[in-house]
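Working notes, structure below.
The values are calculated or read from the model by the stated rules, or taken from the named source; none is laboratory data. Predicted, not measured: the structure shown is a model, and the values here were computed from it. For neighbour counting, all protein chains shown are included, and Cβ atoms are generated from backbone atoms with ideal geometry for every residue, glycine included.
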Amino acid sequence: MTDEMPEHLEADKSRLLDSIDSRHEGLDIEQVNYFLGSYGLKPRESVIFYDEDIDQLKEVLPEDRSFQTFLDDARGRRCGAYFPRYQTSLLRRPREYEATNGPVVTEGFLVHELSHSTSELASYKITDLGDEIGISVPRCGQNVSGEGKSWGNFFEEGFAEMMRAEYVKTFQGEAERVKLLTRLGKPSESTLDASIPSSYRDLTYYIPLKYAYITPDNNNVQISVTTMAGMGLELICKKEPRLWNALISARKEMSGLREVPKIINGLKSGLYTDLRALGYSREDFSDGYKKIVDSLFDGKLSLNDQGDINI
Ligand SMILES: [Zn+2]
């Protein structure tokens, strides 16, 4: 294991960063970095691209299959990813979502990806495979992967989503905030902590509006695949506020990484282990959310008059 990025990956990273001019126009990137920095977090580099940049980006790393697949999937879709190998986030800039939500929606998606990049405990594992050398990055924040499996998605995605929601709540423009609230029939003086009931499978969820955005056709309110992990982790933090500090400290200190399971298992024995085993899908994150509500909130959360979560 080494903390240093291998030289040839450094070269790949430089080519990636130089390949296109990151599409920053109209975005407040300084504010995004300031926001993460205010928690003592150090975001790494990113490339923000439009659909028309995809072909050019694909030429940079033709051998990297996961990079190629990401770019193929990104075309025309709301999409972002952090690549620990290159310590770089990639984000497709969704013009269509900005039209209805303002630039804060893109800045929020960037905060999510950059939050993954704040893991300072990421080391390179070098494996001699005979003909070639295999290089992997087993840990990214709360997420650990190896031999085709991965653990801790719920915590890593939940952390990034909580940061995104907090950013949106703090920096959402007044006009966009009123538009979202009006669209949902909420009083315009409500904050983005107000929530709306929503259902998925046979469960009802209360989604704080800081996690929500309006779809491009302006008719629907949407959340991300990972949002339920964010909502679930936020609920545990409400139950035990020490968890938030441990999650922040876990980005750079081993002691923080050890503290997270202690705190969660301290609330309910085995809860950390159950959540850690969950995979990366809306079903998994929904299962995790339900487990938290069942084990820490007697199976229910109620809404008060303002539509805020009342626990
Ligand atoms: Zn993520």
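Condition check ((1) surrounded by 17 or more Cβ atoms within 10 Å (Cβ to Cβ); (2) within 12 Å of the ligand (Cβ to nearest atom)) across all residues:
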residue	(1), (2)
Pro84	yes, yes
Leu91	yes, yes
Lys125	no, no
Ile133	no, no
Gly158	yes, yes
Thr170	no, no
Glu176	yes, no
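Of all residues in the stretch 210-223, exactly one satisfies the criterion of being closer than 14 Å to Tyr289 by Cβ and either surrounded by fewer than 23 Cβ atoms within 10 Å (Cβ to Cβ) or more than 18 Å from the chain's Cα centre (by Cα) (or both), namely Ile223. For Phe67, the conditions (1) in contact with a helix residue (DSSP H, G or I) (Cβ under 9 Å, 6 or more places away or on another chain); (2) among the aromatic types (Phe, Trp, Tyr); (3) surrounded by fewer than 18 Cβ atoms within 10 Å (Cβ to Cβ); (4) assigned to a helix (DSSP H, G or I) are fulfilled apart from (3).
Residues in the stretch 135-156 that are among the hydrophobic types (A, V, I, L, M, F, W, C), over 13 Å from Pro84 (Cβ atoms) and within 12 Å of the ligand (Cβ to nearest atom): 2 in all.
Report whether or not Gly266 is surrounded by fewer than 16 Cβ atoms within 10 Å (Cβ to Cβ), more than 16 Å from the ligand (Cβ to nearest atom) and either aliphatic (A, V, I, L, M) or more than 18 Å from Glu166 (Cα to Cα) (or both). In short, yes.
Just one residue in the set Ser115, Ser190 is surrounded by 12 or more Cβ atoms within 10 Å (Cβ to Cβ), assigned to a helix (DSSP H, G or I), of a type in the set (S, T, N, Q) and out of contact with any Gly (no Cβ under 6 Å at 6 or more places or on another chain); that residue is Ser115. Candidates are the residues of the stretch 1-53 that are touching a residue at least 60 places away in the same chain (Cβ under 8 Å), assigned to a loop (DSSP other than H, G, I, E, B) and among the small types (Gly, Ala, Ser); the one that is farthest from Leu114 (Cα to Cα) is Gly26. Residues in the stretch 93-117 that are within 15 Å of Glu166 (Cβ to Cβ) and either away from the ligand (no atom under 15 Å from the Cβ) or not assigned by TED's automatic domain parsing to the domain that holds Arg44 (or both): Val104, Val105, Glu107. Residues that are surrounded by fewer than 23 Cβ atoms within 10 Å (Cβ to Cβ), more than 16 Å from the ligand (Cβ to nearest atom), over 22 Å from the mean Cα position of the chain (by Cα) and of a type in the set (Gly, Ala, Ser): does the stretch 198-209 have at least one? There is no residue in the stretch 198-209 that is surrounded by fewer than 23 Cβ atoms within 10 Å (Cβ to Cβ), more than 16 Å from the ligand (Cβ to nearest atom), over 22 Å from the mean Cα position of the chain (by Cα) and of a type in the set (Gly, Ala, Ser).
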